[in-house]
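The values are calculated or read from the model by the stated rules, or taken from the named source; none is laboratory data. Just so it is clear, the model here is predicted, and its values are computed rather than measured. We place every Cβ from the backbone using ideal geometry, glycine too, and count neighbours over all the protein chains shown.
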Amino acid sequence: MSGPSLSIPAKASGAVRILHSADWHLGKTLAGLTREEEHLRWLDFLLSVIQQSQADVLIIAGDVFDSANPPQSAQERYYTFLSRVYQQTSCEVVVIAGNHDSPAQLEAPKRVLQTLRVRVVGTVSENPEDQLIPLPSASSPSVVVAAVPFLRDRDVRTGQPGQSAAEIRAEILEGIRARYQQIADAAHRCYPGIPVVATGHLTIDGARATDSEREIHIGGLGAVSHEIFSEAFSYVALGHLHVAQQAGGRESVRYSGSPFPLSFSEAGDIKELRLIDLRNGQVQHNEAIEIPLQRYLIQLHSCRADLTQKLSSFNPPTGDLETWVEVVVADPVAGENLFEVVQEASKDKPWKVVRVLGQKAQRTPSISSKPESAVESSLLEHPAEVFQIRLQSEEGLSDEERSSLTLAFQELISLHREKQREAEETAAANATTAKTPGGKKAARSTVAENTGAAQ
Ligand SMILES: [Mn+2]
């Protein structure tokens, strides 16, 4: 991979060097287009950084894959990368599961991967000591990785009958905090004096998100405080949010962010890999290694009248790979095939329009009948309340069943919102005409895309 020459700090003797990355989302597409070329280049870059920096440990803090059943090409890329790290470096790898990963899918090759110096942690165990990975070995560790994956409801609480949503939420937050504390205590007990680096895949209060993360912790129950992480952790390597940032103002609690922009909302971000050196129990270096951008994602905003002129004079930056453009038209004309208009105006350009959106596109309520009253109308916006009313009318359920049904419903809403977003992308790809105003369905603006590939 070509790119700027890297500025990597010298590694002091006796230092342990850790690289922190997350949210690769192997197998992800954008507007139906594969990101394989970017993933390939990213992994080549990462391998060269591991080699040049003489890293001892690579942490991948979740969302290795974009889905629980990743395409075979994505799996092939992952395993090829891990085997190259094993063959060409002496770096150890720790992988945890994120919310997009299937813990079982990720852990299936766990034993084989262990022979390649790769540790995979998909789930948490009852015994906190099981999360501890002493590296390079248990007999003479120089660092302990407290490998905590994305935590699910069953990992952090048992659930009591008759709990309100607020009580469930409080219990989940307390459960996550207690988990991390138990693991910090276990590390101190088992490996006194050895620096501990923790991992996590969650949302920290106050952190900046983009629209490509699933807004979900357990059942969408929100963010945790950075204070759950013991000061005994030298560093906390987080995944889930795609913007590289520190969490809660603590330099030692960080998101590495995704390695390249996964959506147009991440287009302006600088992407990085984090380098941490630990020496004599102290953090000696905690620095970003900037990842060269391969493909620019650029949005072009225009009103309909200026569209053709704007497209003809549009001159976006170009990386090694063709620039992808999303065109957003503020006032689309009903019935017009805007995508054809955009295609015609941008042919022979060195960039590619991958999506055309009408800005007036509104989310359409999925229930088509008109609400009878204002009360019903407001309930339609709050499906959780509708569910509670329905649940109250159901007889013969224990309190425990009620609270687990409530939680399951919250999970479903989160998943449904994600699916809805995906469906909107697909609809945007297929729709070419808008409904006429005054029709039964809410008007949807003209949207189209240039590929027939299924998402
Ligand atoms: Mn995630």
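Results, tabulated for the structure shown:
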item: The lone exception for I133 - which of (1) crowded, with 18+ Cβ neighbours inside 10 Å; (2) part of a loop (DSSP other than H, G, I, E, B); (3) over 21 Å from the mean Cα position of the chain (by Cα); (4) not hydroxyl-bearing (S, T, Y) it fails; result: (2)
item: Residue check for H201: surrounded by 22 or more Cβ atoms within 10 Å (Cβ to Cβ), within 16 Å of the ligand (Cβ to nearest atom), at pLDDT below 95 and not small (G, A, S); result: no
item: Any chance S48 is within 16 Å of the ligand (Cβ to nearest atom), surrounded by fewer than 17 Cβ atoms within 10 Å (Cβ to Cβ), in the same structural domain as K110 (by TED's automatic domain parsing) and in contact (Cβ under 8 Å) with a residue 24 or more places away in the chain; result: no
item: Residue match in the stretch 302-320 (condition: in contact (Cβ under 8 Å) with a residue 60 or more places away in the chain and either out of contact with any helix residue (DSSP H, G or I) (no Cβ under 6 Å at 6 or more places or on another chain) or assigned to a loop (DSSP other than H, G, I, E, B) (or both)); result: yes
item: In the stretch 158-173, residue nearest to P141 (Cα to Cα) [restricted to those that are outside any loop (DSSP other than H, G, I, E, B) and free of Cβ contacts under 8 Å to residues at least 12 places away in the same chain]; result: A170
item: T80 vs. criteria more than 28 Å from A10 (Cβ to Cβ) and exposed (fewer than 14 other Cβ atoms within 10 Å of the Cβ); result: yes
item: Residues (away from the ligand (no atom under 16 Å from the Cβ), touching a residue at least 12 places away in the same chain (Cβ under 8 Å) and not acidic (D, E)) located in the stretch 51-73; result: Q51, Q52, S53, Q54, A55, V57, L58, N69, P71, S73
item: Residue pairs meeting the criteria (Cβ under 6 Å; at least 6 apart or on separate chains; first not assigned by TED's automatic domain parsing to the domain that holds L238, in the stretch 8-23; second small (G, A, S) and not in a loop (DSSP other than H, G, I, E, B)); result: I8/S53
